[in-house]
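Asker: Handing you this structure, nothing more for now.
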């Protein structure tokens, strides 16, 4: 006599349906910092696929150099969590990485750098594709926040939110080369595609500070919006988006002329951004209202607001435009 288990069959069917949904969707990964969770969204339908615990205070994320994993940095959890960049599913965890607030690989892939915001230091690791080996820990004043690298992988540049400064650290020796004053609460920092200037979001004011890093001097301030914060390249090697958390807007900066050439109204404190591979839609996490905005780049209008968790911060999807 054949025994039937209808309940078990339903479970298998449900699991199959979820797996199929992951396989078919272009998954958007959103870090909900205050909820310690990840929201997975469908890039095409704007619907939530899943929500799951990830660890304490996930803030930033980035792909590994081979694009086979997406690293989530859990700052308070002192760990890195590797996700499948296409499905968002957890691959593995790496413990013992102290306070990884902002993370980055040098362009030559020899160095993995972790800014420890609450510990006031920058940690340098060697990475062989699997393991992280600590090379040095460099004390760096108050609240080291975001980072950028020069094209030759000689230097990493760090914004110091608590002391209103930018520091340059030599990658080979892990020593501080110089420190210069900038505006109030410097946050996001990027290198222009020509490797000439650093752009720094001045969160305590309303402008992007332009630094000639070779002469260690500020050469310009580009007016943006209040709470100028973070950057995302348009992928055309010329323009970059910058979010303004207080004025609820995103500006477009021309990195050749160093001018503000556009503004997009976006509610709720726009923070981190991601751009679709075709350049048509920009996604932005909205820190104050528990949502993600989807923006039509051509019309400069928000076309969708998607509910997520509390204080959404990092956002990523594999179907993305180039990051320079």
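The values are calculated or read from the model by the stated rules, or taken from the named source; none is laboratory data. Quick caveat: nothing in here was measured; it's all calculated off a predicted structure. Glycine gets a Cβ as well: all are built from the backbone with ideal geometry, and neighbour counts include every protein chain shown.
Asker: Could you grab the pairs with beta carbons closer than 8 Å, sequence gap of 6+ or different chains, first residue in segment 239-260 and in contact (Cβ under 8 Å) with a residue 40 or more places away in the chain and on the phi > 0 side of the Ramachandran plot, second one surrounded by fewer than 23 Cβ atoms within 10 Å (Cβ to Cβ) and not in a loop (DSSP other than H, G, I, E, B)?
Answerer: If the second residue must be surrounded by fewer than 23 Cβ atoms within 10 Å (Cβ to Cβ) and not in a loop (DSSP other than H, G, I, E, B), the pairs left are 258/197; 258/210; 258/220; 258/222.
Asker: Right, another one. Scan segment 45-57 residue by residue and report those that are more than 14 Å from residue 87 (Cα to Cα) and surrounded by fewer than 17 Cβ atoms within 10 Å (Cβ to Cβ).
Answerer: Residues satisfying the conditions are 45, 46, 47, 53, 56.
Asker: Something else: Which numbered condition trips up residue 283, out of (1) over 18 Å from the mean Cα position of the chain (by Cα); (2) part of a strand (DSSP E or B); (3) within 26 Å of residue 56 (Cα to Cα)?
Answerer: Every listed condition holds for residue 283 apart from (1).
Asker: If you go through segment 93-108 one residue at a time, how many are in a loop (DSSP other than H, G, I, E, B) and closer than 17 Å to residue 59 by Cβ? Please lay out each step first, then the result.
Answerer: Of the residues in segment 93-108, the ones in a loop (DSSP other than H, G, I, E, B) are 96-101, 106-108.
This time we only want the ones that are closer than 17 Å to residue 59 by Cβ, so: 97-101.
Number satisfying all stated conditions: 5.
Asker: Any chance segment 120-139 includes a residue that's surrounded by 14 or more Cβ atoms within 10 Å (Cβ to Cβ) and either within 14 Å of residue 213 (Cα to Cα) or touching a residue at least 60 places away in the same chain (Cβ under 8 Å) (or both)?
Answerer: The answer is no; no qualifying residue exists.
Asker: If I go through segment 235-247 residue by residue, how many of them are surrounded by 19 or more Cβ atoms within 10 Å (Cβ to Cβ) and either in contact with a helix residue (DSSP H, G or I) (Cβ under 9 Å, 6 or more places away or on another chain) or closer than 18 Å to residue 195 by Cα (or both)? Please lay out each step first, then the result.
Answerer: Taking segment 235-247 first, the residues surrounded by 19 or more Cβ atoms within 10 Å (Cβ to Cβ) are 240-245, 247.
Pick out the ones that are also either in contact with a helix residue (DSSP H, G or I) (Cβ under 9 Å, 6 or more places away or on another chain) or closer than 18 Å to residue 195 by Cα (or both) and you get 240-241.
Residues meeting the conditions: 2.
Asker: OK, next. Can you name the number of the only condition in (1) part of a loop (DSSP other than H, G, I, E, B); (2) without any contact (Cβ under 8 Å) to a residue 60 or more places away in the chain that residue 66 fails?
Answerer: (2)
Per-residue answers, yes or no, for (1) within 27 Å of residue 281 (Cβ to Cβ); (2) touching a helix residue (DSSP H, G or I) at 6+ places or on another chain (Cβ under 6 Å); (3) at pLDDT below 95; (4) part of a strand (DSSP E or B):
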position	(1), (2), (3), (4)
137	no, no, no, yes
158	no, no, no, yes
163	no, no, no, no
200	yes, no, no, yes
211	no, no, no, yes
226	yes, no, no, no
